Structures are given as C-alpha cells and as structure tokens.
1. Go through the stretch 121-156 and give me each residue that's aromatic (Phe, Trp, Tyr) and farther than 25 Å from Leu39 by Cβ.
2. Tyr113: touching a residue at least 12 places away in the same chain (Cβ under 8 Å), of a type in the set (Phe, Trp, Tyr) and under 22 Å from Gly68 (Cα atoms), yes or no?
3. Being over 26 Å from Val163 (Cα atoms) and either among the aliphatic types (A, V, I, L, M) or modelled with pLDDT of 95 or more (or both) is true for just one of Thr88, Thr82. Which residue is that?
4. Residue by residue through the stretch 36-55, note down the ones that are among the aromatic types (Phe, Trp, Tyr) and either more than 21 Å from Ile169 (Cβ to Cβ) or in contact with a Cys (Cβ under 9 Å, 6 or more places away or on another chain) (or both).
5. Would you call Gln71 over 22 Å from Gln160 (Cα atoms), of a type in the set (S, T, N, Q) and crowded, with 20+ Cβ neighbours inside 10 Å?
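The values are calculated or read from the model by the stated rules, or taken from the named source; none is laboratory data. What you see is a predicted model; the values in this text were computed from it and never measured. Neighbour counts are summed over all protein chains in view; Cβ atoms, including those assigned to glycine, are modelled from backbone coordinates with ideal geometry.
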Amino acid sequence: MSAVYFLLLLLPLVSAQTLHWGACPVPKVQPGFNIQLYLGRWYEIEKLPASFERGKCIEANYAVRQDGTIQVRNTQFYKEKTRVAEGTAVIPDPREQAQLGVSFSYFTPYSPYWILSTDYSTVAVVYSCTDFLRIFHIDFAWILGRSRFIPFGTVEHAKQLLVKEGIDIFRMKPTDQTGCKDN
C-alpha cells in the first residue's frame, strides 16, 4: 500500500514527462561514437515532453572544458525571455563513449544521455531514461539537428529508430523553431 502512496506523491512531479510501467528499455547506442565530432550546436527538432523544456527555439551547445568534462549549454525562448541552463556531461565508462551522463546541478546525480544514432553533420537521436525500483520509468527522447529544420524523411527515420529500440514515441512533439534568433 505504501508503494501506491509513493506513486501518488510522484504523479504531480512527472505530469509533464513520459511515464511508463516497468524498467527502462536498454537501446543500442552509436557504435564508435566520437565526442569530438558531436561537439557544437544542435537544435531540438522533436522531443518527448519534458517539464524543463517548454519554450521554443530550443538548442544545445556542447564544448570540452579544460578539465575534460563537457559543458552543456541549453537555451530556449520562454515567456518572452531567453532562458539558459548550463550543465556538465561526462563519459562514465570509456568503453561506451555514446553513453554520457548529464547534470545541471551539483546536487543532482548524472542522468543518462545516450546517443543512439548520429551522422554528426545532420541529425542525432538521443535517449534518457530513469527507472524507479523497476516499477516504472520516466524517459526522454530528442531528435536533434545541426540546423533548425531538417528533412521530414530524416525525422521519420529517427522516429523509426526509437520505435525499433522499444521506445514509445506516442507523445513526441515537434519543437517550434520559427522566428528564432541565433544565441
């Protein structure tokens, strides 16, 4: 019975997320991933809902810091203002270069940030999932592009990759990239 109360307490926190019963899927990641080629600016094309991303003109910029960690700088235009979130990405296991961990606070653990596929110059498919005692999981998925708009066929191919890896994309929505200024 306490598990039911626990879940009821969590529901308001995850209402803007994508919640599923059971443990996280474990999709395949990009083989031979090269972080140096991934660095730079990516624009959000489509995503599963995320409470921390409600604006438009969403983009992420990745750069290596002197200490070897990766600076993650996310920007979005929300409520008439440009909002910036800066975090850190690390590669916890050098044998799995495409499985990064990202944190936006010293007080939070690193969340998974797995690059499932990228050609480095056009599109990237990214997935993140956290499960809670294997009872349920919250996941995020992003289709990113090197430009604000990428071909429809490229987006559809990225979505099919997510589906093939067992990721539910029913709630995936396009990100508004119209009328944006470069940050």
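1. If we filter the stretch 121-156 for residues that are aromatic (Phe, Trp, Tyr), which is where we start, we get 127, 132, 136, 140, 142, 149, 152.
Answer for the stretch 121-156, where residues must be aromatic (Phe, Trp, Tyr) and farther than 25 Å from Leu39 by Cβ: Phe132, Phe136, Phe152.
2. On the way: touching a residue at least 12 places away in the same chain (Cβ under 8 Å): yes; of a type in the set (Phe, Trp, Tyr): yes; under 22 Å from Gly68 (Cα atoms): yes.
Answer is yes for this residue.
3. Values: Thr82 fails: either among the aliphatic types (A, V, I, L, M) or modelled with pLDDT of 95 or more (or both).
After applying the criteria, what remains is Thr88.
4. Initially, the stretch 36-55 is screened for residues among the aromatic types (Phe, Trp, Tyr), giving 38, 42-43, 52.
Correct list: Tyr38, Tyr43.
5. Working: over 22 Å from Gln160 (Cα atoms): yes; of a type in the set (S, T, N, Q): yes; crowded, with 20+ Cβ neighbours inside 10 Å: no.
When the stated conditions are applied, Gln71 does not pass them.
Yes/no per residue for (1) under 23 Å from Glu165 (Cβ atoms); (2) modelled with pLDDT of 90 or more; (3) surrounded by 15 or more Cβ atoms within 10 Å (Cβ to Cβ); (4) touching a helix residue (DSSP H, G or I) at 6+ places or on another chain (Cβ under 7 Å):
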position: Ser2; (1), (2), (3), (4): no, no, no, no
position: Pro12; (1), (2), (3), (4): no, no, no, no
position: Gln36; (1), (2), (3), (4): no, yes, no, no
position: Glu46; (1), (2), (3), (4): yes, yes, yes, yes
position: Ser51; (1), (2), (3), (4): no, no, no, no
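Okay, residues lined up against (1) assigned to a loop (DSSP other than H, G, I, E, B); (2) free of Cβ contacts under 8 Å to residues at least 40 places away in the same chain; (3) hydroxyl-bearing (Ser, Thr, Tyr):
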| site | (1), (2), (3) |
| --- | --- |
| Pro25 | yes, no, no |
| Gln30 | yes, no, no |
| Leu37 | no, no, no |
| Glu44 | no, no, no |
| Ser51 | yes, yes, yes |
| Glu59 | no, no, no |
